[in-house]
1. Express the carbon and sulfur contribution to the solvent-accessible surface of the stretch 1-96 as a percent, rounded to the nearest whole number, probe 1.4 angstrom.
2. For the pair K25 and D196, what calculated FRET efficiency results from E = 1/(1 + (r/R0)^6), where r is the Cβ-Cβ distance and R0 = 25 Å, to the nearest 0.05?
3. What percentage of all Cα-Cα pairs in the stretch 113-225 are separated by more than 21 Å?
4. Enter the per residue convex hull volume of the stretch 175-319, computed from alpha-carbon coordinates, in Å³ rounded to the nearest integer.
5. Defining a contact as two alpha carbons under 8 Å apart and six or more residues distant in sequence, what relative contact order in percent does the stretch 155-235 show?
6. Kirkwood Rh over Cα pairs of the stretch 110-172 into Stokes-Einstein at 25 °C, 0.890 mPa s: D in µm²/s?
7. Quick one: dipole size for the chain, taken about the Cα centre, charges +1 on Lys/Arg Cβ and -1 on Asp/Glu Cβ, in debye to the nearest 20.
8. Taking a probe of 1.4 Å, how large is the accessible area per residue of the stretch 1-135, in Å²?
Amino acid sequence: MAQAKYDVLGIGNAIFDVLVRADEKFLADHGMTKGGMALIDEARAAAIYRDMGPATEMSGGSAANTIVGIANLGARAAYVGKVKDDQIGRLYTHDIRAAGVAYETGPAADGPATGCSYILVTPDGERTMNTYLGAAQDLTVADIDPAQIEASRIVYLEGYLWDPKNAKEAFVKAATIAHGAGRQVALTLSDAFCVDRYRDEFLDLMRKGTVDLIFANESELHSLYQTADFDTALKQLRADTKLGVVTRSEKGCVVASADGVVAVPAFPIKELVDTTGAGDLFAAGFLFGLVRDAGHVKAGRLGALAAAEVIQHIGARPMVSLKELAEQHGLSV
């Protein structure tokens, strides 16, 4: 196998985040399902933005957040995602490159604007997302560089990619190239509502071996197997994939493989501010541990540490050096 240029390459919907604090009444008045991600059109996006209070605006996107976290920990990271050549798209490109991530996807010259997600954060820290995919849905197989995929130890894909048809094809192409080069493919299920939409297809990806590693939270796992019993779902996950990692909020995570199930505790926090990016940054820490051959327990601890950092402030990207944070907690690898 050729030497890898990148530790992890992520492919996802390139989305700019607009975050605002809101109460339950705002969600109810606007017909939003708390804790989920709804796809919206441009008119709905404009209406939500008009009614929102003062916002915090920053680059986001699930896989992009994970890749930024991986680079922050000190690994070699790359990202593939589509923006438009507009003001927000140029800002997005600057942000991800400034984070130390290789980003070479050509911007769209025309078509819809760069994608945005309007994220309402309620007082309990829960985030509710309303996503206008915009240019992100124009990611196609032509944006997949086979040489870049072959040069990446792990290719990381987000379940949200299954929403735009062209991106779905890019996803499958990338996984095929990665496996042809002897690389691993990881998938995050992204959102319980996303799993509801594509349950059979996700299970097919797992059972055919298109993906090797699955990231899910409890609600996504329950949705995947349509059971309220955690142990039943976990048993099925072990049968369907080589490695499954399930986050359980304050209960930590479980790492499931053919060898057994390992539970890893969460890191204590002072205050839960915003859960946006919790799963993304957990995946960053875990994948970093994996490419550093740290073992499943240490990888789980690194994931828990990165998630704990991001949920204690607004926004889905780290505000401190995760590498230094890992050193402080004896988790250097």
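The values are calculated or read from the model by the stated rules, or taken from the named source; none is laboratory data. The structure displayed is predicted, hence computed values, not measured ones. Note: ideal-geometry Cβ built from the backbone for every residue, glycine included; neighbour counts use all protein chains shown. Surface accessibility is based on the protein's heavy atoms, side chains included, excluding ligands, DNA and RNA. Shrake-Rupley method; radii C 1.70, N 1.55, O 1.52, S 1.80 Å.
1. Carbon plus sulfur share of accessible area: 51 percent.
2. In this case the efficiency is close to 0.45.
3. Counting every Cα pair in the stretch 113-225, those more than 21 Å apart make up 42 percent.
4. 117
5. 30
6. 179
7. Using only the charged Cβ atoms, the result is roughly 760 debye.
8. Accessible surface, normalised per residue, equals 40 Å².
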